[in-house]
């Protein structure tokens, strides 16, 4: 028996650490950091704040995401998935509904 998981549309307020040496602009750095998380695709990113550090930049951003491969389709499961990414901390997660299947 096969199980099909649809993608879940999510809006999240995130704090993301981006290396000062990351290629591209700030939005590209945030996108790359978030898309390193398994099953997460970034649809859009809006940078809301920036805190410079010695080796990295701490970026506050609002992101529209697609998250797949979730058996438990709750805010907590999405937040746990996002927190599994290095340098990514969600402060707010809103489920927007089902996205198109892969």
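A few notes on this one:
- Among all residues of region 67-87, there is at least one that is buried (at least 18 other Cβ atoms within 10 Å of the Cβ), within 18 Å of residue 98 (Cβ to Cβ) and either free of Cβ contacts under 8 Å to residues at least 24 places away in the same chain or touching a helix residue (DSSP H, G or I) at 6+ places or on another chain (Cβ under 9 Å) (or both).
- For first residues located in region 23-47 and free of Cβ contacts under 8 Å to residues at least 12 places away in the same chain and at positive phi, partners that are surrounded by fewer than 18 Cβ atoms within 10 Å (Cβ to Cβ) and part of a helix (DSSP H, G or I) and lie 6+ apart or on another chain with Cβ distances below 9 Å form the pairs 24/32.
Read-outs throughout are calculated quantities, based only on the coordinates presented, and are distinct from any laboratory measurement. What you are looking at is a predicted structure, and each value in this text was computed from that prediction instead of being measured. No Cβ is skipped: glycine too gets one built from the backbone with ideal geometry, and neighbour counts run over all protein chains shown.
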